[in-house]
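Colleague: Pasting a structure here, questions to come.
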Amino acid sequence: MAEASLKELVSLEKYLGLKKTNKYSTQGERKQQQHRVIKQGRGSPPGSSFDPPTPEYVQEQQDWRKKMISVPVLQTKDGQNIVGLVTIACHLVKAAKQEQLLGRTREESAVVQQWLEYRIVQLGAPGAKEEGRSTLRDLNGYLEDKVYFGGDFLSLADILMYYGLHSYMVDLTVQDREKFVNVSRWFSHIQQLPNVQQHLPRVHIMKNRIYTNVH
Amino acid sequence: MRLYVSEGNPQCLKVLAAYELSGAQCEVEVVSHEECIVPFLGHSKLPALLLDNGNFLFSSNVICRYYLTSGGDEASTAVDQWLEWETLDLQPVALHALRLAVLQDKKSEALESLQPSLSYIERSLQKTGKTFLTSDEPSAADVVLWGTLYPLLAEPILLTAVDFKALTAWFQRVGSFPACKKASDGTFKGHGLQSLKSYLQRQPTNSTQATRATTNDPTVDDGDERLLTDEEIQAAVQAWSKGLAACPKPRQIVHPILPQQGERNVLITSALPYVNNVPHLGNIIGCVLSADVFARFCRLRNWNTLFVCGTDEYGTATETKAMEEGLTPQEICDKYNAIHSQIYRWFGTSFDYFGRTTTEKQTEIAQDIFWRLLKRGFLLEDTVEQLHCQRCAKFLADRFVEGICPFCSYPEARGDQCDKCGKLINAVELKNPQCKVCKETPAVRTSKHLFLDLPKLEGRLEEWLETTLEKGNWTPNARFITRSWIRDGLKPRCITRDLKWGTPVPLEEFANKVFYVWFDAPIGYLSITANYTDQWEKWWKNPDKVQLYNFMAKDNVPFHSVVFPCSLLGAEDNYTLVNHLIATEYLNYEDGKFSKSRGVGVFGDMAKDTGIPADIWRFYLLFIRPEGQDSAFCWSDLLLKNNSELLNNLGNFVNRAGMFVSKFFEGRVPTMELNQEDQRLLALTTWELRQYLQLLEKVRIRDALRCILNISRHGNQYIQLNEPWKRLKGSDTDRSRAATVTGVAINMACLLSVMLQPYMPTVSATIQEQLQAPPLCNVLTEEFVCVLPAGHKIGTISPLFQKLEVEQVEALRQRFGGQKPDKAAEKQEATTTTTILQDVQELAKAVAQQGDKVRQLKALGTEKAVVNSEVARLLELKKALQEAQGKPPVQKEKKK
């Protein structure tokens, strides 16, 4: 999960046009190393006289990794650690002097914060995918009369929600994409914005309805 | 603007506090928990704030932040970070803790589960030294964290129990704002935590935090995670190269061990096991084994350590047992003392002395303390009505009387309780009482007894406790139980009994009486030490130079933290009182309780017969040690931990490191040239080592064991990544790389053998023998030193652990599952059905989990071989489930 969030942060940097790339880790850099090891360990049987790791062992390691790799950390130039996806993302937006992405008024910024929190609580939690459909239903209702999550302006919430929802959208059938029409419309809109869709493949969303009788 | 809240919703507390603090004006509407206020959410979410622009805020933290940031000022990154941490880390933990505290009434467990989060806040506050979390001014972060913690810490008793100074000060500072006071009064309305009950009952239980009542997985404190700095790496490299010669030598132990001037003198006691029965695994892990790990650790740290224990032998229960077995009490004690010693010896406990309470020293010391208390006026005399049997010529203990229940007229009610109506009975109230031994009707007689005047000693006790709890290392449950006892008020406690088998009361008018065991037994620690050395007073009357650690299960806490200290304080003889009180929770057996009478569970003497080595027992019992909350001994888990942690992780690493040296380098440790990766590994290992030392110093035995397994895990990955067996066939640089990796790995194995010693002494010795490790390496310092230099010759390497097979363990589970044909069959049936039911549930859960795992692996595009083996496991589980559900295992035969 943290790997995904690291990619996400790098993509955000690019979107914001930040030139100097930052130094990231997850909490405890060694965990990245662990990941590498597992990939290698799986593929290569270590010599004839030594048994390859058993499946339970690999599983154990993966569980362990899942548990340990969790929170992204940004190390700033003055040696401070900034911890947490949303915290880092907001920090980057400010560093890029694009504060309008956090909302222009008090109300707007509260709404942006609301959806940023929703992103990490609802879309990041273990088991979130099982509740995916009810999440999508809620979002579909919310977006019914809105262009962006903030209402009528593009914000950081749209970008992080886009990264967060990407895997959900990939999994949806064409029919479901049509069912959650407002989410799909918003999603398709965001992924077409310049520089947003960095590390993620494009999700195809049809403009014409083919399951008209469903609604 | 309109704010929607519901009553008794802990999330609303911080929002109301922030609202009050901001001075904003808006309508506040109280709605029911189920009300769906936010139109687009398919479920109710409260609190919620309707903004003037028609938008809804439905997260308590965002609402707080909205109220507390005025106009244009941006919230700082520090506030962002606290709020994100609170949302993702603290909230689930706090919800879990509230559930424990309110719905299950397990306050001390609730507090324990909160411990890592609280210690994270404490460390942050200490580090910044600011008045509030982010600066010297309060921010949304302070209100939010305060609101989340308030329900859990508000009761003064809980706050004093957590023992975090900066946190406590901060918490009280925030709580003293009038706005916060108003909000908390409004939320709780004087009903305390109970006002949250209906809210909590509605919350779904599948929160991320484990909500099971018992858990065998130690919590990982992520707060301690960090990046390795260059300095750390440099320091680790330097320490590595200094060699064994520069390290401290192991301490020579000369008996009798006595406190030494200028040294750290550690006195360790394990609760004295009661002699009338064979101890079960729960007893063993609760005191003896835990104390043993700590004692071994102290010795490895070169601290001057004395570890004593013995059997507690006096009392009614021994007399009863003697009557049952047709022996004298002394014979019973001799018999069971031998059984106990034998069991503990088999488990490898390293007592410096294992004694007993039926000795002359016991009489001498107990009577001395008694005289001192009497002379100082701390004993009271009072009369008690008791049943006396003429024919047996003695007062009858409650369990020696039977009669008609005064409440329900059940004819066979016991002296303490009626089996039919379940009411507690005072023995003198029984109608037609009978002596259980001779069937004679006993008469009511008054008997004079002595009482320890605890109320008179309360002042001294509190004074002592205040400093001790502050400096000492007490488990949260020990703190909590002690505080509750004192809060409920102390009453005089009877210290004498009408019995023969005990330490005699040295007063003529009490000629036929002995001391009550709770007064007598803790004195056993002193008398057992006195039987070990004449100079016992150097340990027990030397509070300035000795640190005393008491290990026990939680039911024993009040006697060690309140009653016994009162005896010693009242005796005024400069006694060493307990500094550190380490109490465990309970160990269950396969989701039930150990029961000797039903034959359920493994008892000390049977462990040997299972064919599983003592060190494996030690490992598993310590791995699931009920630290912080109850845990359960479970056969399938034992198998899993043995095969995954010991065999595949630890054993695999040590074995591979050794095999590389013996196969590829003719049994000699090769030359090592460290590159950056190796240096990082040294630093990482050092970090885990220090973590281990810190945890064990705080007696977090179970957590420290994790560090050992982490190191071997790192080691395995290191070998796997560098593939020395391949590089050996490569270029010169490849070969030298293989040599370095092998050399570093074998030294890690050696370090592991030392760290493992407190947990698995035999395995530790085996590793050291295989590596031919110098005996001088058996000292634990904060550094990872290369003790097996290039050229060191190692011995013969062989596997350390054996795989446990499912059939083998299943057979054991059946054997100890409580089938006893001679007992009432009805009861048996009931218990077995429930275990089967639990099995079915467990299996169904396992099937579901395994199914998810397979789907995940497939989705990730994992290699076929891995997926296939996982699928095979899934099929196995499904089959087991069918069998457990009572479907005939036909498929098994079909398959063949």
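Colleague: Out of all the residues in the stretch B:42-52, is one or more within 11 Å of chain A (Cβ to nearest Cβ) and either touching a residue at least 60 places away in the same chain (Cβ under 8 Å) or buried (at least 23 other Cβ atoms within 10 Å of the Cβ) (or both)?
Modeller: The answer is yes, given that some residue of the stretch B:42-52 is within 11 Å of chain A (Cβ to nearest Cβ) and either touching a residue at least 60 places away in the same chain (Cβ under 8 Å) or buried (at least 23 other Cβ atoms within 10 Å of the Cβ) (or both).
Colleague: Could you name every one of the helices (runs of 4 or more DSSP H) located completely within the stretch B:177-277 that has at least 1 residues being at pLDDT below 85 and among the aliphatic types (A, V, I, L, M)?
Modeller: Numbers: elements: B:178-188, B:197-202, B:230-241.
By residue number, B:197-202.
Colleague: Taking the stretch B:648-659 as the search range and keeping residues that are at the interface with another protein chain (Cβ under 9 Å from one of its Cβ atoms) and touching a residue at least 12 places away in the same chain (Cβ under 8 Å), which one is farthest from the chain's Cα centre (by Cα)?
Modeller: Taking the candidates together, the pick is B:Met659.
Colleague: Could you grab me the full set of residues in the stretch B:717-730 that are in a helix (DSSP H, G or I) and in contact with a helix residue (DSSP H, G or I) (Cβ under 7 Å, 6 or more places away or on another chain)? Break it down stepwise before answering.
Modeller: From the stretch B:717-730, those in a helix (DSSP H, G or I) are B:717-722, B:724-727; that's our starting set.
Selection gives B:Gln717, B:Tyr718, B:Ile719, B:Gln720, B:Leu721, B:Asn722, B:Pro724, B:Arg727.
Colleague: Okay, next question. Since B:Cys12 meets every condition but one in (1) buried (at least 24 other Cβ atoms within 10 Å of the Cβ); (2) without any contact (Cβ under 8 Å) to a residue 24 or more places away in the chain; (3) of a type outside the set (Phe, Trp, Tyr); (4) more than 8 Å from chain A (Cβ to nearest Cβ), which condition does it not meet?
Modeller: If we test B:Cys12 against (1) buried (at least 24 other Cβ atoms within 10 Å of the Cβ); (2) without any contact (Cβ under 8 Å) to a residue 24 or more places away in the chain; (3) of a type outside the set (Phe, Trp, Tyr); (4) more than 8 Å from chain A (Cβ to nearest Cβ), just (2) comes out false.
Colleague: Could you tell me how many of the residues in the stretch A:178-187 are under 11 Å from A:Leu136 (Cβ atoms) and under 19 Å from the mean Cα position of the chain (by Cα)?
Modeller: Within the stretch A:178-187, residues that are under 11 Å from A:Leu136 (Cβ atoms) and under 19 Å from the mean Cα position of the chain (by Cα) number 3.
Colleague: Need the failing condition index for B:Thr766 against (1) in contact with a Leu (Cβ under 9 Å, 6 or more places away or on another chain); (2) surrounded by fewer than 23 Cβ atoms within 10 Å (Cβ to Cβ); (3) over 25 Å from B:Leu622 (Cβ atoms), just the number.
Modeller: So the condition that B:Thr766 fails would be (3).
Colleague: What are the residues in the stretch B:30-41 that are facing chain A (nearest Cβ under 7 Å) and within 44 Å of the chain's Cα centre (by Cα), if any?
Modeller: Scanning the stretch B:30-41 gives a single hit, B:Leu41.
Colleague: Does B:Thr168 satisfy being of a type in the set (Val, Ile, Thr) and under 27 Å from B:Asp703 (Cα atoms)?
Modeller: Answer is yes for this residue.
Colleague: Another question, if that's okay. Looking for whichever is among the small types (Gly, Ala, Ser), crowded, with 17+ Cβ neighbours inside 10 Å and either touching a Pro at 6+ places or on another chain (Cβ under 6 Å) or modelled with pLDDT of 85 or more (or both) here; the options are A:Gly132, A:Gly150. Which one fits? Reasoning before the result, please.
Modeller: Values: A:Gly132 fails: either touching a Pro at 6+ places or on another chain (Cβ under 6 Å) or modelled with pLDDT of 85 or more (or both).
Sole residue among the options that is among the small types (Gly, Ala, Ser), crowded, with 17+ Cβ neighbours inside 10 Å and either touching a Pro at 6+ places or on another chain (Cβ under 6 Å) or modelled with pLDDT of 85 or more (or both): A:Gly150.
Colleague: With of a type in the set (Gly, Ala, Ser) and touching a residue at least 60 places away in the same chain (Cβ under 8 Å) as the only criterion, which of B:Ala773, B:Ala745 stands out?
Modeller: B:Ala745
Colleague: Can you find, within the stretch A:185-215, the residue that is modelled with the lowest pLDDT among those that are closer than 18 Å to A:Ser155 by Cα and polar (S, T, N, Q)? Explain how you work it out, then say what you get.
Modeller: Keep residues of the stretch A:185-215 that are closer than 18 Å to A:Ser155 by Cα, which gives A:185-198.
Right, trim to polar (S, T, N, Q) and you get A:188, A:191-192, A:195, A:197-198.
Details: A:Ser188: 90, A:Gln191: 88, A:Gln192: 88, A:Asn195: 81, A:Gln197: 77, A:Gln198: 73.
Ranking the qualifying residues of the stretch A:185-215, first place goes to A:Gln198.
Residues are listed down the side, and each one gets a yes or a no for (1) surrounded by fewer than 15 Cβ atoms within 10 Å (Cβ to Cβ); (2) in contact with an Asp or Glu (Cβ under 7 Å, 6 or more places away or on another chain); (3) closer than 29 Å to B:Leu452 by Cα:
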{"residue": "B:Ile343", "(1), (2), (3)": "no, yes, no"}
{"residue": "B:Gly355", "(1), (2), (3)": "no, no, yes"}
{"residue": "B:Leu373", "(1), (2), (3)": "no, no, yes"}
{"residue": "B:Cys389", "(1), (2), (3)": "no, yes, yes"}
{"residue": "B:Lys394", "(1), (2), (3)": "no, yes, yes"}
{"residue": "B:Gly403", "(1), (2), (3)": "no, no, no"}
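Colleague: Pairs please, first residue from the stretch B:690-715 and more than 18 Å from B:Asp292 (Cα to Cα), second anywhere and modelled with pLDDT of 90 or more and not in a helix (DSSP H, G or I), Cβ atoms under 7 Å, 6+ apart in sequence or on different chains.
Modeller: B:Arg690/B:Glu782
Colleague: Looking only at the stretch B:325-341, filter to residues that are out of contact with any helix residue (DSSP H, G or I) (no Cβ under 9 Å at 6 or more places or on another chain) and not in a loop (DSSP other than H, G, I, E, B); which one of those is surrounded by the most Cβ atoms within 10 Å (Cβ to Cβ)?
Modeller: B:Asn337
Colleague: While we're looking at this one, here's another question. Name every residue in the stretch B:6-51 that is in a strand (DSSP E or B), at pLDDT 90 or above and within 25 Å of B:Pro92 (Cα to Cα), in order of residue number.
Modeller: Residues satisfying the conditions are B:Ala48, B:Leu49.
Colleague: If you take the residues of the stretch B:412-457 that are of a type in the set (Asp, Glu) and touching a residue at least 40 places away in the same chain (Cβ under 8 Å), which of them is farthest from B:Val505 (Cα to Cα)? Spell out the reasoning first.
Modeller: Kept after step one, since they are of a type in the set (Asp, Glu), are these residues of the stretch B:412-457: B:412, B:416, B:419, B:429, B:440, B:453.
From the residues that got through so far, the ones that are touching a residue at least 40 places away in the same chain (Cβ under 8 Å) too are B:440, B:453.
Numbers: B:Glu440: 28, B:Asp453: 17 Å.
Checking each candidate, the answer is B:Glu440.
Colleague: Ok, one more. Keeping to the stretch B:687-716, report how many residues are touching a Phe, Trp or Tyr at 6+ places or on another chain (Cβ under 8 Å) and either outside any helix (DSSP H, G or I) or within 13 Å of another protein chain (Cβ to nearest Cβ) (or both).
Modeller: Qualifying residue count for the region: 5.
Colleague: Another question about this same structure. Please count how many residues of the stretch B:89-105 are closer than 18 Å to B:Thr475 by Cα and touching a residue at least 60 places away in the same chain (Cβ under 8 Å).
Modeller: Adding up the residues that qualify gives 1.
The values are calculated or read from the model by the stated rules, or taken from the named source; none is laboratory data. Just so we're clear, the structure is a prediction, and the values are computed from it rather than from any experiment. Here the Cβ is made from the backbone with ideal geometry for all residues, glycine too, and neighbour counts use every protein chain on show.
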